[in-house]
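K.L.:
Below is a structure I'd like to ask you about.
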């Protein structure tokens with residue numbers, strides 16, 4: 001790369017903000033072109049700041065996926081909101097997300113107003129999930145979201161599922177707002193997430209499927225041990241699915257262990273391509289009472 005090319009190269013950080021379940025993680029995965037963040041219809045699925053790396057000839061875009069901003073009811077919820085605040089203070093671009101299928105409400109307005117506290121970052125707005133909306137809904141959302149702030153650099157309707165040109169419009173727009181800088185990450189990686197963290201998240205995603213009520217918030221996963229066998233053909237992984245109560249443990253395990261076996265089967269199908277070998281996955285369900293409200297338990301679980 002010549003000195004001139006280096007000057008023209010842009011690199012920086014963008015994060016998506018919005019209410020829970022507005023499509024932030026799905027959008028990040030679509031931009032990166034690889035599944036980095038787990039997705040679920042359950043609110044507050046994302047619990048960490050996960051970085052995905054998008055490389056283009058003229059720059060490198062580092063997407064930071066964050067939890068949805070919500071009114072916290074537990075210490076975990078408060079820590080997730082604090083995490084979002086910390087990320088917003090460090091990024092170059094903040095992209096506010098609102099789904100085309102839902103009217104702008106008080107939560108959206110509160111989040112949009114809160115961006116006043118992050119004057120350093122440039123701000124754009126995204127109308128997500130346009131594949132599931134009518135033209136009339138998309139037009140209504142564009143008008144509603146545009147009115148939330150006067151300093152949007154751009155307002156872009158798009159669908160992470162449909163793919164195509166609107167994702168490139170978003171990428172080009174964000175890259176144009178980033179500072180001149182050399183790449184901060186190697187161009188051959190899609191994330192800086194550790195393999196253990198990605199595996200734990202895949203297991204949690206499988207465990208979230210089909211559960212009801214408050215149980216999604218009570219599920220955490222840890223990878224306790226991972227090692228290849230001597231022949232290198234199989235990797236043994238031992239992981240714990242953590243819940244808060246006996247009744248939740250029974251739900252996760254299911255009748256005669258059927259549900260836990262199903263969680264393992266679905267998770268293993270995604271883990272094996274990551275690891276590059278066949279996987280023996282042993283899941284154990286354990287109880288950590290009220291872990292969402294216990295500072296020590298939260299610390300042990302990485303929050």
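The values are calculated or read from the model by the stated rules, or taken from the named source; none is laboratory data. A quick note: this is a predicted structure, and the numbers were derived from the prediction, not measured. Here the Cβ positions follow ideal geometry from the backbone for every residue, glycine too, while neighbour counts run over all protein chains shown.
K.L.:
May I ask you to list the residues in region 190-204 that are touching a residue at least 12 places away in the same chain (Cβ under 8 Å) and not in a helix (DSSP H, G or I)?
P.N.:
Answer for region 190-204, where residues must be touching a residue at least 12 places away in the same chain (Cβ under 8 Å) and not in a helix (DSSP H, G or I): 190, 191, 192, 193.
K.L.:
Sticking with this structure for a sec: Scan the helices (runs of 4 or more DSSP H) fully inside region 205-289 and keep the ones with 2 or more residues being loosely packed, with under 15 Cβ neighbours inside 10 Å, modelled with pLDDT under 95 and out of contact with any helix residue (DSSP H, G or I) (no Cβ under 9 Å at 6 or more places or on another chain).
P.N.:
Counting at least 2 such residues, we get 246-253, 258-275.
K.L.:
In region 82-110, how many residues are in a helix (DSSP H, G or I) and crowded, with 21+ Cβ neighbours inside 10 Å?
P.N.:
Step one: list which residues in region 82-110 are in a helix (DSSP H, G or I), which gives 82-88, 106-110.
Keeping just the survivors that are crowded, with 21+ Cβ neighbours inside 10 Å gives 84, 108.
Residues in region 82-110 being in a helix (DSSP H, G or I) and crowded, with 21+ Cβ neighbours inside 10 Å: 2 in total.
K.L.:
So residue 116 clears everything in (1) more than 23 Å from the chain's Cα centre (by Cα); (2) part of a helix (DSSP H, G or I); (3) farther than 19 Å from residue 15 by Cβ except one condition, right? Which one?
P.N.:
So residue 116 meets the others, but not (3).
K.L.:
Please verify whether region 58-68 includes one or more residues that are at pLDDT 80 or above, closer than 30 Å to residue 184 by Cα and not in a strand (DSSP E or B).
P.N.:
Within region 58-68, one or more residues are at pLDDT 80 or above, closer than 30 Å to residue 184 by Cα and not in a strand (DSSP E or B).
K.L.:
I've got another one for you. Quick one: in region 170-189, of everything that is touching a strand residue (DSSP E or B) at 6+ places or on another chain (Cβ under 7 Å) and assigned to a helix (DSSP H, G or I), which residue is nearest to residue 126 (Cα to Cα)?
P.N.:
Across region 170-189, the extreme among qualifying residues is 170.
K.L.:
While we're here: Using beta carbons and a limit of 9 Å, which pairs, at least six apart or on different chains, have the first residue in region 149-168 and in the same structural domain as residue 98 (by TED's automatic domain parsing) and more than 24 Å from residue 112 (Cα to Cα) and the second one part of a loop (DSSP other than H, G, I, E, B) and at pLDDT below 90?
P.N.:
Pairs that qualify, where the first residue is in the same structural domain as residue 98 (by TED's automatic domain parsing) and more than 24 Å from residue 112 (Cα to Cα) and the partner is part of a loop (DSSP other than H, G, I, E, B) and at pLDDT below 90, are 161/23.
K.L.:
Shifting gears a bit: Looking at region 126-139, is at least one residue part of a strand (DSSP E or B), touching a helix residue (DSSP H, G or I) at 6+ places or on another chain (Cβ under 6 Å) and surrounded by 14 or more Cβ atoms within 10 Å (Cβ to Cβ)?
P.N.:
Of the residues in region 126-139, the ones part of a strand (DSSP E or B) are 126-128.
Pick out the ones that are also touching a helix residue (DSSP H, G or I) at 6+ places or on another chain (Cβ under 6 Å) and you get 127.
Next, only the ones that are surrounded by 14 or more Cβ atoms within 10 Å (Cβ to Cβ) stay: 127.
Scanning region 126-139 turns up at least one residue that is part of a strand (DSSP E or B), touching a helix residue (DSSP H, G or I) at 6+ places or on another chain (Cβ under 6 Å) and surrounded by 14 or more Cβ atoms within 10 Å (Cβ to Cβ).
K.L.:
Continuing with the same structure: Residues 98, 112, 132, 119: which one is over 24 Å from residue 86 (Cα atoms) and either in the same structural domain as residue 18 (by TED's automatic domain parsing) or in contact with a strand residue (DSSP E or B) (Cβ under 9 Å, 6 or more places away or on another chain) (or both)?
P.N.:
Step by step, each of 98, 112, 132, 119 is checked, and only 132 is over 24 Å from residue 86 (Cα atoms) and either in the same structural domain as residue 18 (by TED's automatic domain parsing) or in contact with a strand residue (DSSP E or B) (Cβ under 9 Å, 6 or more places away or on another chain) (or both).
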